[in-house]
Amino acid sequence: MPELRVGDQQLQVAHHTNLLDALLGGGVAVPYSCRAGSCHACLVRCVAGEPEDRQPEALAADKRAEGWRLACQCQVIEDLQVEPFDPQRDGLAAKVLALDWLSPQVLRLRLQPAKPLRYRPGQHLLLWTDQGVARPYSLASVPGDDDWLEFHIDCRLPGAFCDAARRLQVGEGLRLGELRGGALHYDGDWQTRPLWLLAAGTGLAPLYGILRDALRQEHQGVIRLLHVAHEPAEHYLASELQALAAQHANLQVELITAAQLLAALAELRLVSRQTLALLCGHPKTVDSFARRLYMAGLPRGQMLADVFLTRA
């Protein structure tokens, strides 16, 4: 049986055991969220030995070269020594700059990193609490326009991170983990193409950043933003979006409830085969968006989607 070493701890594990399961079974506190290789909360560095990696493309080449692996995607096939990601050692310090409730369910968190962070709208970042809870959140801020990193935390349901976020105070510290480039982004070559932004819940966060980035780059095509919320009061950026629509004639904003979603999707009509669609939110809603757009004639290659995976 392969030996798995973590610090001074030695574990005997069965051949081809999932690395994350082996670590958790041995009492090693490795955070995880999706178990699908998306959240990157379960990063470990291989010090000696090499696991079998089922999804090597999930990590950037430079991260892999440094020995980092996603524990949830690896299996132990030989003696292996690993170091779990340590936010104090491996992460970037940040302090809470501002906290405010955009709605009864959505907490806006603004952070000031200890040193500038290079990012683009549409990316997401792993946030760590002092208690070792790690969750990925999409950036809603725009570099160059905002002097902070902004996140929209959905607190409708209890969760380890959102419960900790409720207790945060201005000036307190968090640690920042890996910055990831999701599917969502804005390309300057899209200047004249119709752009549809379809979001559910806090799936609006990355699309809000992308929208502001597109407007900053003076996007010429029509931009149509549709936000789905459970109740009208949960359109947490309604005033900001309506203000942008008043300033930009090419921006159309539609705020609908979940009960209105099917009717709203049935009315979607492509105005151009050059349309691009960016989708974000709960997997079921994103799937509804994608299926309706495809039926309306939009090729799947012109849809970019990012889904919020729930804890496995």
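The values are calculated or read from the model by the stated rules, or taken from the named source; none is laboratory data. As the structure is a prediction and not an experimental result, all values here were calculated from the model. Glycine gets a Cβ as well: all are built from the backbone with ideal geometry, and neighbour counts include every protein chain shown. Each accessible area value is taken on the protein alone, full model and side chains, heavy atoms only, with ligands, DNA and RNA left out. Shrake-Rupley method; radii C 1.70, N 1.55, O 1.52, S 1.80 Å.
Among the residues of the stretch 284-300, which ones are under 23 Å from the mean Cα position of the chain (by Cα) and either open to solvent by 50 Å² or more (accessible area, probe 1.4 Å) or within 13 Å of residue 227 (Cα to Cα) (or both)? Walk me through it before giving the result.
Residues of the stretch 284-300 that are under 23 Å from the mean Cα position of the chain (by Cα), as a first pass: 284-291, 293, 300.
Those that are under 23 Å from the mean Cα position of the chain (by Cα) and either open to solvent by 50 Å² or more (accessible area, probe 1.4 Å) or within 13 Å of residue 227 (Cα to Cα) (or both): 284, 285, 286, 287, 289, 291, 300.
Does any residue of the stretch 299-306 turn out to be assigned to a helix (DSSP H, G or I) and in contact (Cβ under 8 Å) with a residue 12 or more places away in the chain? Full working, then the answer.
Keep residues of the stretch 299-306 that are assigned to a helix (DSSP H, G or I), which gives 300-302.
Of the ones still in play, those that are also in contact (Cβ under 8 Å) with a residue 12 or more places away in the chain are 302.
For the stretch 299-306, residues assigned to a helix (DSSP H, G or I) and in contact (Cβ under 8 Å) with a residue 12 or more places away in the chain: present.
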* Structure fact -> Selection from the stretch 144-173 of residues in contact with a helix residue (DSSP H, G or I) (Cβ under 9 Å, 6 or more places away or on another chain) and either open to solvent by 30 Å² or more (accessible area, probe 1.4 Å) or over 24 Å from residue 207 (Cα atoms) (or both) yields 144, 145, 154, 156
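From the list 186, 208, pick out the single residue that is assigned to a helix (DSSP H, G or I) and buried (at least 19 other Cβ atoms within 10 Å of the Cβ). Steps first, answer last, please.
Working: 186 fails: assigned to a helix (DSSP H, G or I).
Matching residue, one of 186, 208: 208.
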* Structure fact -> Pairs returned, first residue in the stretch 31-47 that is surrounded by fewer than 20 Cβ atoms within 10 Å (Cβ to Cβ), second residue that is aromatic (Phe, Trp, Tyr) and not in a loop (DSSP other than H, G, I, E, B), beta-carbon separation under 9 angstrom, 6 or more apart or interchain, are 45/68; 46/68
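Would you confirm whether any residue within the stretch 169-182 is outside any helix (DSSP H, G or I), of a type in the set (A, V, I, L, M, F, W, C), at pLDDT below 95 and within 13 Å of the chain's Cα centre (by Cα)?
Of the residues in the stretch 169-182, the ones outside any helix (DSSP H, G or I) are 169-182.
From the residues that got through so far, the ones that are of a type in the set (A, V, I, L, M, F, W, C) too are 170, 174, 176, 179.
Now restrict to residues that are at pLDDT below 95: 179.
When the remaining residues are screened for being within 13 Å of the chain's Cα centre (by Cα), the result is 179.
Looking for residues that are outside any helix (DSSP H, G or I), of a type in the set (A, V, I, L, M, F, W, C), at pLDDT below 95 and within 13 Å of the chain's Cα centre (by Cα), one finds at least one in the stretch 169-182, hence yes.
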* To do: Those residues that are under 18 Å from residue 285 (Cβ atoms) and either touching an Asp or Glu at 6+ places or on another chain (Cβ under 9 Å) or open to solvent by less than 50 Å² (accessible area, probe 1.4 Å) (or both), I need them from the stretch 221-240; list them, please.
  => 224, 225, 226, 227, 228, 229, 234, 235, 236, 237
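Can you say whether residue 249 is part of a loop (DSSP other than H, G, I, E, B), open to solvent by 20 Å² or more (accessible area, probe 1.4 Å) and either in contact with a Pro (Cβ under 6 Å, 6 or more places away or on another chain) or free of Cβ contacts under 8 Å to residues at least 12 places away in the same chain (or both), as far as the supplied structure shows? Walk me through how you get there before you give the answer.
Details: part of a loop (DSSP other than H, G, I, E, B): yes; open to solvent by 20 Å² or more (accessible area, probe 1.4 Å): yes; either in contact with a Pro (Cβ under 6 Å, 6 or more places away or on another chain) or free of Cβ contacts under 8 Å to residues at least 12 places away in the same chain (or both): yes.
Yes, satisfied.
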* Asked: open to solvent by 50 Å² or more (accessible area, probe 1.4 Å), farther than 24 Å from residue 155 by Cβ and among the hydroxyl-bearing types (Ser, Thr, Tyr) - does that describe any residue in the stretch 260-273?
  -> no
* To do: Have a look at 251, 244, 262 and point out the one that is at pLDDT below 95 and more than 23 Å from the chain's Cα centre (by Cα).
  => 262
* To do: Take residue 5 and decide whether it is at pLDDT 95 or above, more than 30 Å from residue 144 (Cα to Cα), among the basic types (Lys, Arg) and in contact with a helix residue (DSSP H, G or I) (Cβ under 9 Å, 6 or more places away or on another chain).
  => no
* Restricting attention to the stretch 89-118, report how many residues are open to solvent by less than 30 Å² (accessible area, probe 1.4 Å), within 19 Å of residue 178 (Cβ to Cβ) and outside any strand (DSSP E or B). => 1
* Structure fact -> Only unsatisfied item for residue 130, checking (1) open to solvent by 20 Å² or more (accessible area, probe 1.4 Å); (2) more than 26 Å from residue 278 (Cα to Cα); (3) in contact (Cβ under 8 Å) with a residue 60 or more places away in the chain, is (3)
